Amino acid sequence: MSEPKMIATRDSYGRALLELADAGCNDLVVLDSDLSVSTKTCLFRDAYPSRFFECGIAEQNMIGVAAGLSTFGYVPFASSFAMFAAGRAFEQIRNSIGYPHLNVKIGATHGGLSVGEDGASHQCIEDFALMRAIPGMVVICPADDVEARAAVKAAYRYKGPVYMRFCRLPVPVFHDELNYHFEIGKGEQLTDGFDLAVISTGLMTGEVLKAALKLKKQGVAVRVINMPTIKPLDEDLVLRAARDCKKILTVEEHSVIGGLGEAVCSLLSEKLPTTVRRVGVPDQFGHSAPAWQVLADYGLDAEHLLAVMRDMIKAN
Amino acid sequence: MTKAEVLQLKMTATRVRMGIIEATHSAKSGHPGGSLSAADVLTYLYFKVMNVDTENPQDPTRDRFVLSKGHAAPCLYSVLAERGFFPVRDLTTLRQDGSYLEGHPNMNTVPGVDMSTGSLGQGVSAACGMALAARLQGANINVFTLLGDGELNEGQCWEAFMLASHYKLDNLCIMVDVNNLQIDGATNTVMSTEPLDQKMDAFGFNTIICNGNSMTELEQAFILFDRAHGSGKPTCFLLHTTKGKGVSFMENAVDWHGKGPNDEQYEKAMAELRQEYDVLEKEAQR
């Protein structure tokens with residue numbers, strides 16, 4: 001088997017916008033806040049300059065401008081780093097997009113710890129929590145290039161507000177584009193197993209897969225579930241995993257507060273109480289270091305995840 | 001404008017003020033002060049300037065208005081009702097359980113409301129987006145927004161002003177209701193924003209200062225906005241107004257920013273407005 005391609009999902013975001021526009025989506029407009037080279041909206045900007053709106057380093061205003069554009073029937077994708085979109089402009093997203101339920105998409109790149117060297121000020125580990133709490137907001141975090149581009153296109157077709165988190169770190173492309181179908185609100189079971197179910201989102205799914213593959217070689221079958229839509233959560237898939245496997249591990253590049261892990265716990269505590277362990281960033285900030293090192297420092301790499309998985313399986 | 005037209009507008013504005021008092025009295029809350037100061041400009045806007053269709057409130061070719069100072073919802077609702085978007089009698093359901101008249105404007109429930117607002121500084125950004133969209137469509141659509149002078153404390157306003165100027169949005173008219181009061185006191189004691197005219201000039205606006213409670217001065221201001229089309233400059237009206245205008249005990253009283261009148265105050269306010277209306281009516285019949 002050849003080595004998988006390594007692509008950052010921020011590149012997928014930029015490419016998908018261009019692909020949509022090239023396919024004739026004339027109502028698509030893109031906004032950025034002086035980060036178009038980093039968020040990769042520069043690809044759209046250069047090809048469709050009249051439908052690209054540079055808003056300068058003013059994310060709060062950008063969100064409102066996107067809201068205004070959407071009231072004319074345009075489908076705006078407002079882009080920035082996760083920290084400044086979900087973080088700085090939270091209340092603008094809540095009141096100018098969420099409350100009127102406007103058809104605005106927020107493309108937030110550089111999410112999670114994997115921004116690496118930029119350090120804690122730029123490592124947004126709270127965006128799922130913030131965005132999940134807004135009524136009617138869809139929250140998506142794709143795992144690889146194929147999923148990311150499909151998610152952007154699904155978000156474009158969906159009528160209503162969508163928050164999408166993309167990452168800067170190149171990660172392996174494990175989906176086969178020809179056979180892949182993305183649907184908002186649906187997770188996907190990547191491997192079958194009954195000893196443990198691992199539910200992960202974003203870049204973590206690749207790491208979980210690596211760990212699960214090692215366990216498989218040792219004869220342990222772990223059910224790996226990729227959950228690109230954090231809200232609305234694919235409840236059926238989670239409940240089935242809880243029934244079949246009895247134990248669940250959630251993994252996310254996000255605070256353990258308010259993210260995928262808590263979404264899974266909320267569901268299970270009400271409908272099917274199950275042992276859940278959450279791996280994420282504990283109640284603390286990140287720090288500067290190369291991306292994979294920061295992830296490892298918080299146990300968010302295949303090696304650490306393998307240890308947690310073994311530990312959970314052993315505890316029968 | 002003929003004298004008769006001015007009188008008609010003044011009578012309409014007085015009815016709008018009665019609606020504001022009816023609504024905030026009935027709700028036992030709301031914001032009469034900043035609603036009353038804005039009654040003249042919104043009356044002029046909806047009765048003389050804006051291209052809107054009460055039968056088709058979502059007409060895509062209509063002009064747009066965003067009440068960035070969303071707490072003046074009683075004024076916007078009263079104007080929309082007078083204009084015929086919904087029955088005037090519904091104003092007394094303001095802020096009540098089950099009413100479509102939310103405390104702050106909701107574009108999804110109130111016919112004629114173009115943007116949901118309430119959190120200060122946000123409406124003006126949406127108005128900028130609408131003006132950009134109108135241009136992108138190549139449509140002859142004007143976008144108006146009304147801000148409070150206290151609202152200018154919000155940094156987001158100035159982000160929006162930068163963008164309006166950068167994109168040369170000469171189809172955008174930003175109106176500031178300069179009534180000189182905000183919740184904690186006089187605007188110049190809470191947070192100085194003057195000299196506003198120089199600031200707006202420096203931000204690249206076609207700045208017009210006028211008495212925002214005078215129909216004839218408003219007429220001149222809107223003529224100047226019309227003339228600014230093609231100039232590449234967005235327009236800013238600095239509307240000097242009286243907070244609480246039209247109700248003696250509410251005028252220039254910071255206390256009347258955010259509370260509804262009780263029964264006694266309601267009777268007094270309505271009596272004053274009725275008297276004003278009768279005078280205008282007699283003059284109009286002359």
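The values are calculated or read from the model by the stated rules, or taken from the named source; none is laboratory data. Owing to the predicted nature of the structure, the values given are computational and were not obtained by experimental measurement. Virtual Cβ from ideal backbone geometry, glycine too; neighbours counted across all protein chains shown.
Report whether or not B:A202 is more than 28 Å from B:G103 (Cα to Cα) and within 14 Å of chain A (Cβ to nearest Cβ). Steps first, please.
Working: more than 28 Å from B:G103 (Cα to Cα): yes; within 14 Å of chain A (Cβ to nearest Cβ): no.
When the stated conditions are applied, B:A202 does not pass them.
Kindly indicate whether any position in the range A:67-77 is free of Cβ contacts under 8 Å to residues at least 60 places away in the same chain, within 13 Å of chain B (Cβ to nearest Cβ) and under 20 Å from the mean Cα position of the chain (by Cα). Don't jump to the end; show me each part of the working.
Taking the range A:67-77 first, the residues free of Cβ contacts under 8 Å to residues at least 60 places away in the same chain are A:67-74, A:76.
Imposing the further condition that a residue be within 13 Å of chain B (Cβ to nearest Cβ) reduces the set to A:67-74, A:76.
Those still in the list that are under 20 Å from the mean Cα position of the chain (by Cα) too: A:76.
For the range A:67-77, residues free of Cβ contacts under 8 Å to residues at least 60 places away in the same chain, within 13 Å of chain B (Cβ to nearest Cβ) and under 20 Å from the mean Cα position of the chain (by Cα): present.
Among the residues that make up the range B:119-136, is at least one of them out of contact with any strand residue (DSSP E or B) (no Cβ under 8 Å at 6 or more places or on another chain) and either of a type in the set (K, R) or away from chain A (no Cβ under 13 Å) (or both)?
Scanning the range B:119-136 turns up at least one residue that is out of contact with any strand residue (DSSP E or B) (no Cβ under 8 Å at 6 or more places or on another chain) and either of a type in the set (K, R) or away from chain A (no Cβ under 13 Å) (or both).
Here's the yes/no breakdown for (1) under 17 Å from A:E253 (Cα atoms); (2) touching a residue at least 40 places away in the same chain (Cβ under 8 Å); (3) touching a Leu at 6+ places or on another chain (Cβ under 7 Å):
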residue: A:E91; (1), (2), (3): no, no, no
residue: A:A108; (1), (2), (3): yes, yes, no
residue: A:L113; (1), (2), (3): yes, yes, yes
residue: A:H122; (1), (2), (3): yes, yes, no
residue: A:R149; (1), (2), (3): no, yes, no
residue: A:A155; (1), (2), (3): no, yes, no
residue: A:V162; (1), (2), (3): no, yes, no
residue: A:F166; (1), (2), (3): yes, yes, no
residue: A:F182; (1), (2), (3): no, yes, no
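Please return the ranges of strands (runs of 3 or more DSSP E) entirely within the range A:199-303 where 1 or more residues are without any contact (Cβ under 8 Å) to a residue 40 or more places away in the chain and not assigned by TED's automatic domain parsing to the domain that holds A:A133. Even if it seems obvious, please write down each step before you answer.
Numbers: elements: A:222-226, A:229-231, A:247-255, A:275-281.
Output list reads A:222-226, A:275-281.
Step by step: first the residues of the range B:158-170, then only those that are crowded, with 23+ Cβ neighbours inside 10 Å and not aliphatic (A, V, I, L, M), then the one that is farthest from A:Q92 (Cα to Cα). Which residue is that? Show your work before the answer.
As a first pass, look at the range B:158-170 and keep what is crowded, with 23+ Cβ neighbours inside 10 Å: B:159-161, B:163-164, B:169.
Of the ones still in play, those that are also not aliphatic (A, V, I, L, M) are B:159, B:161.
Working: B:E159: 13, B:F161: 17 Å.
If we take residues in the range B:158-170 being crowded, with 23+ Cβ neighbours inside 10 Å and not aliphatic (A, V, I, L, M), then B:F161 is farthest from A:Q92 (Cα to Cα).
Quick one: which residue in A:I106, A:I63 is under 20 Å from B:S125 (Cβ atoms) and within 14 Å of another protein chain (Cβ to nearest Cβ)? Give the steps one after another, and end with the answer.
Working: A:I106 fails: within 14 Å of another protein chain (Cβ to nearest Cβ).
Just one listed residue meets the conditions, A:I63.
In the range B:256-282, which residue that is assigned to a helix (DSSP H, G or I) and within 20 Å of the chain's Cα centre (by Cα) is farthest from B:D40 (Cα to Cα)?
Let us first name the residues in the range B:256-282 that are assigned to a helix (DSSP H, G or I), namely B:256, B:263-282.
Adding the requirement that they be within 20 Å of the chain's Cα centre (by Cα) leaves B:256, B:273.
Working: B:W256: 18, B:L273: 14 Å.
In this case the residue turns out to be B:W256.
Given the options B:V113, B:V41, B:V79, B:V49, name the one that is within 14 Å of another protein chain (Cβ to nearest Cβ), of a type in the set (A, V, I, L, M, F, W, C), within 29 Å of B:L169 (Cβ to Cβ) and crowded, with 18+ Cβ neighbours inside 10 Å. If you could, list the steps in order and put the result at the bottom.
Working: B:V41 fails: within 14 Å of another protein chain (Cβ to nearest Cβ); B:V79 fails: within 14 Å of another protein chain (Cβ to nearest Cβ); B:V49 fails: within 14 Å of another protein chain (Cβ to nearest Cβ).
Just a single option satisfies the conditions, and that option is B:V113.
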